[in-house]
Amino acid sequence: MTVPVQQELHYNDVQDFLGPGRHRFFGEGYKRADHRLDGLTAGTDADGPWVRGTAAVTYPQDWSRKGTTDQLPHLSTIDVLLLGVQLSELVLTRHVGFDAEQRRTFWVRRARIRAGSSPVEEQLAGFPVSARLVGQGASPSGPDRATATVDCTVGTLRIRTEIDCPAVPGTAAATSLDDVLRPSGSRPFGDAYRSRRQHVEHVVVGADRTRATAQLRVDTWGEAAAPGDGTEEAFQPSVGLIDVFVTALQLGQIMLYELDGIARADSNTLWMRRTRFEAARPQRPVHEPIPVTASLVEPALLRTGDGETWRSADISAVAAGIRMTCSVAHRLP
C-alpha cells in the first residue's frame, strides 16, 4: 500500500536511513567479492574473434545483512560489469593487439547488462564466460581513437560493452591471456575498485518519493590512487561506473522503501533486470563533491497469481557525466 507523503525528506548521509554500510551490499558488501577467471582460450570463427573460460565469484557469509539475517549470495550486476570489462580487454588484446600502455587508455563508453531467466546462486564456484568482438568503428573522441563493441556472457547474464580505444593497434597479440589481467590489484576493473569509498551526503528525497538529489564524495587510496594497469587506468583517480551505480541504487532504495512505507530490514532482495551505463568522457575528477540526481521512472505494483505483490521501477541517475538506468523489482513484505 502506498503511503501518502506531504514533504521532502532530508538526510545528512544515506546511512542515516539505510544503516551502516559495512553490512549492506551497496555500502561495502560488494567489495568483499573475489573474482577469478580460469581456463581461458581464444580463437576466431565465422562470427568473429572470441575468448572463453570459466569464472568463479566468492562472497563471505555476511556479505549483506538485513536485520539479523545474512542474505544468500548471487551473481551481482557489479560482478558482471567487472568480469565483462575484463573479458572485453582480453578479446581486444588477443585479437586486435593492444599493448599494456594502450590498454590503460581504454574507457567504457557504454555498457548494457541483461539478466538471465534465473539468478546465478549455487553455481558461483564455477560458471562459463565468453566474449566476442562484434563491431569496430570511429570514436567521437577524435581521429586517433576508435570504438570496439564486445558481447559477453557471464553465467546466465549478458553484457555488451562499447570500449573507446586507440585507432591504431599495438603488437601485443602474442601476450598470454593469463598475463593480460595481471596484476589485478592495480586495475580499476580488477581489484582496485575495493580501494575506494563512496560518501553519499546531503540527501534530499522529493515529496512524491520518486526524485532525489545528493552530493557524492569518492575517496581513493592505495592502488586505486596510484598509477596502475588496464581499462581506464590512465584517467585515475576518477569517478567510475561502479561509484555512480552504488550511489544511485542506495538513493533508489530510499525512494522505493519510502514509497511503500517499509523498512530495509523488512525488505526482500532487490533484483536487477536490466542496467545501462553511458559515459560522456573518461576524465571524471574525484577532488570535489559531485552533484547526483536520481529518480524512479514508472514505478508500478505487480501482483502475481500466488498473491504476492512486487514493486518494479527504473532507477535512473546522472553524476559526473555518467548516465545510468537500472530496472529493478522486489517483493513487498
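Readers should treat all values here as calculations from the given coordinates under stated rules, not as data from a laboratory. Source: prediction; values computed, not measured. So basically every Cβ, Gly included, is an ideal-geometry build from the backbone, and we count neighbours across all protein chains shown.
Of the options Ala111, Gly19, Leu82, report the single residue whose Cα projects farthest towards the positive end of the charge dipole of the chain (beta-carbon charges: Lys, Arg +1; Asp, Glu -1). Farthest towards the positive end: Ala111. Between helix 77-96 and the chain there is an angle of about 10 degrees, using the helix long axis and the longest principal axis of the Cα atoms.
Counting neighbouring Cβ atoms within 10 Å and putting the fewest first, the residues His330, His287 line up as His287, His330.
Which one of Val91, Val203, Gly230 is farthest out on the positive end of the charge dipole of the range 9-331, using unit charges on Cβ (Lys, Arg +1; Asp, Glu -1) and the Cα centre as origin? The one lying farthest along the dipole's positive direction is Val203.
Taking Cα pairs under 8 Å and at least six residues apart, what relative contact order does the range 9-331 come out at, in percent? Before the final figure, lay out the partial values.
Working: 754 pairs, mean separation 57.6, N = 323.
It comes to 18 percent, rounded to a whole number.
Which value results when the Cα radius of gyration for the chain is divided by 2.2 N^0.38 Å? Its radius of gyration relative to the 2.2 N^0.38 Å reference: 0.99.
Build a GNM of the chain with springs between Cα atoms under 10 Å apart, and of Ser141, Ser295, Ser312 the one that fluctuates most is Ser141.
Relative to the dominant Cα principal axis of the chain, helix 241-260 is inclined by about 20°.
Suppose every Lys and Arg Cβ carries +1 and every Asp and Glu Cβ carries -1, with no other charges. What dipole size does the chain come out with about its Cα centre, to the nearest 20 debye? Before the final figure, lay out the partial values.
Numbers: 37 positive and 40 negative charges, 74 e Å.
Dipole about the Cα centre, nearest 20: 360 debye.
For the range 98-188, the list of GluC sites (Glu not before Pro) that fall in a loop by DSSP and count at most 12 other C-beta atoms within 10 angstrom reads Glu121.
As a footprinting exposure proxy, order Cys326, Cys165 by other Cβ within 10 Å, with the fewest listed first. Don't skip to the end; give the middle numbers.
Details: Cys326 22, Cys165 26.
Ranking Cys326, Cys165 by Cβ neighbours within 10 Å, fewest first, gives Cys326, Cys165.
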